[in-house]
Amino acid sequence: MAEAKAAVLARQIAQDQARSGLQAGSLFGSATQLRARYGVTEAMLRQAVLLLEEKGIAFSRRGVGGGIIIGAPDSSSAARTAAIYLQFQGATAELCELSTRANHWLTALSSKDGLSLATADYLRAEAARLAKINFASEAYRHLQLRTIIAASAGGAALALSTQVVNQLLLDLTVDTNVYRSTSERYRLYWEMTHKKLEAFIAGDVEASIRLHDENLSLVEREVQRSAQSEGEAERPLPQSRKAEWVVRAILRDMRNRGWVAGDRLGSEPQLMKAYGVSRPVIRQAVRLLELHRAASMQRGAHGGLVIGTPDAEYATQAMVNHLQEAGASCAQARNLRREILLRHVPEFLPGHIPHLEAAFRAMAKKMPSEFWATGASALTEICRGANNIVGLFLVNTLREFEYDHTEVQSPTEPDRHAALQALEAVVTSIVRKDSSRAQRAIIQYWMIEGRYLANR
């Protein structure tokens with residue numbers, strides 16, 4: 001119960017920090033002030049701050065002028081919440097492919113004019129730092145660097161989308177038992193990573209895309225290897241990563257059970273025995289699961305770790321809050337949303353065409369003031385029609401952030417007519433299985449819509 005209360009308090013502090021408008025490094029309040037403000041004990045506040053420190057959202061500073069200090073916005077917490085929700089919805093590694101291609105295409109394109117020497121030095125230094133860390137898998141090392149590269153491309157939306165997909169891939173493809181790797185596997189992953197990094201630094205878009213496709217093949221092999229890895233010798237598990245390891249192990253066991261909300265996974269002693277870790281490690285892992293609404297620890301004779309119900313609204317709001325805190329650009333969010341949509345057009349299933357037609361017909365009946373918002377919602381049917389929960393979640397989240405931070409003007413009658421014609425062409429082209437024409441029609445609609453949007 002105390003751990004659950006600490007998670008609730010951590011969420012409340014994070015939300016209040018975001019609303020305060022204070023910059024990273026600012027004092028949010030002393031421990032005494034915050035205990036009085038939230039009506040909690042010193043121990044409860046300390047637990048909540050530990051959860052915030054794990055995500056870089058805040059940290060404590062002792063001495064004169066000390067207290068709880070606001071950290072730089074960190075996407076890892078929002079990405080983890082989204083990844084857990086998508087696992088609950090049955091997402092697979094295969095469903096990540098289209099979104100990860102969209103992310104990487106925009107990342108590669110951003111470097112076409114080359115990077116500054118300072119940025120290049122920073123990325124090489126990060127690669128060197130990651131090379132020294134004992135990760136659970138070489139896939140983990142590579143995917144971490146992919147997130148760093150996306151962030152350097154200049155967009156918080158792109159970085160967050162990349163991290164969500166990366167986190168999901170890690171949870172789904174990295175066997176929780178494999179703190180191990182062969183020297184050959186290490187060499188393959190890191191050699192590929194360095195080639196891709198240098199192509200990005202040089203602004204070689206074609207090479208960067210080609211190497212990315214080869215990297216996807218390596219990740220697919222990692223999936224197959226994880227499924228056949230029971231007999232391999234394990235490397236020692238680093239103390240600092242035990243809670244992270246346990247979180248992934250518990251998520252795996254939840255997926256294996258079909259993620260039935262209310263199912264009991266075991267008491268604290270049973271979990272300690274099942275995962276071979278100490279009580280503090282189990283409690284830290286449980287706190288993280290509670291923070292993301294994946295599970296909760298219930299006390300009493302029939303208590304234990306109980307599977308939760310991650311929901312779309314909470315995951316979406318976590319993403320939108322991060323984008324706002326990180327100062328994400330609506331233009332970059334819009335570009336990413338378009339790219340993800342375009343990638344899903346060829347995968348559209350014929351059986352969903354009536355739903356797409358109905359969405360566009362409803363748009364035609366809307367008042368001018370609601371026209372563009374309805375159109376953005378209707379376009380998400382493309383991801384739904386491709387039966388891709390990952391793309392659908394990302395597109396809906398980006399749309400919500402974009403329209404929350406954009407002034408939308410009503411279209412003129414000629415442009416309203418032209419936009420409806422473009423969307424009619426989308427449907428007609430999908431019916432004819434002409435993906436290229438459907439994609440061109442979406443871009444045409446996008447250009448018309450763009451004239452009526454302005455950042456707030």
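You will find that of R210, R293, R283, the residue that is open to solvent by 60 Å² or more (accessible area, probe 1.4 Å), at pLDDT 85 or above and outside any helix (DSSP H, G or I) is R293 and no other. Of the helices (runs of 4 or more DSSP H) contained entirely in the stretch 334-405, those carrying at least 1 residues that are in contact with a Lys or Arg (Cβ under 8 Å, 6 or more places away or on another chain) and either open to solvent by 50 Å² or more (accessible area, probe 1.4 Å) or of a type in the set (S, T, Y) (or both) fall at 353-364, 371-379, 389-404.
Answer yes if at least one residue in the stretch 405-417 is under 24 Å from V164 (Cβ atoms) and at pLDDT below 90, and no otherwise. Looking for residues that are under 24 Å from V164 (Cβ atoms) and at pLDDT below 90, one finds at least one in the stretch 405-417, hence yes. Looking across the stretch 299-318, the residues that are in a helix (DSSP H, G or I) and open to solvent by 10 Å² or more (accessible area, probe 1.4 Å) come down to A312, E313, Y314, T316, Q317, A318. Restricting attention to the stretch 427-443, the residues that are assigned to a helix (DSSP H, G or I) and without any contact (Cβ under 8 Å) to a residue 24 or more places away in the chain total 6. Which one is farthest from L9 (Cα to Cα), of the residues in the stretch 262-275 that are out of contact with any helix residue (DSSP H, G or I) (no Cβ under 9 Å at 6 or more places or on another chain) and surrounded by fewer than 16 Cβ atoms within 10 Å (Cβ to Cβ)? Only one residue fits best here, namely K273.
Residue-wise test of (1) closer than 30 Å to G300 by Cα; (2) open to solvent by 50 Å² or more (accessible area, probe 1.4 Å); (3) at pLDDT 75 or above.
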residue	(1), (2), (3)
M1	yes, yes, no
Q15	no, yes, no
R19	no, yes, no
A31	no, no, yes
E42	yes, yes, yes
A48	yes, no, yes
R62	no, yes, yes
G71	no, no, no
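For the stretch 251-261, taking the residues that are surrounded by 12 or more Cβ atoms within 10 Å (Cβ to Cβ) and basic (K, R), the one that is nearest to Q87 (Cα to Cα) is identified as R255. Against the criterion of being modelled with pLDDT under 90 and either in contact with a Gly (Cβ under 7 Å, 6 or more places away or on another chain) or outside any helix (DSSP H, G or I) (or both), E234 qualifies. So which residues in the stretch 245-278 are among the charged types (D, E, K, R) and without any contact (Cβ under 8 Å) to a residue 24 or more places away in the chain, if there are any at all? Across the stretch 245-278, the qualifying residues are D253, K273.
The values are calculated or read from the model by the stated rules, or taken from the named source; none is laboratory data. Since the structure is predicted, the reported quantities are computational estimates derived from the model, not experimental observations. Every residue, glycine among them, receives a Cβ derived from its backbone with ideal geometry; neighbour counts consider all protein chains shown. We work out accessible area using only protein heavy atoms, side chains counted, and drop any ligands, DNA or RNA first. Shrake-Rupley method; radii C 1.70, N 1.55, O 1.52, S 1.80 Å.
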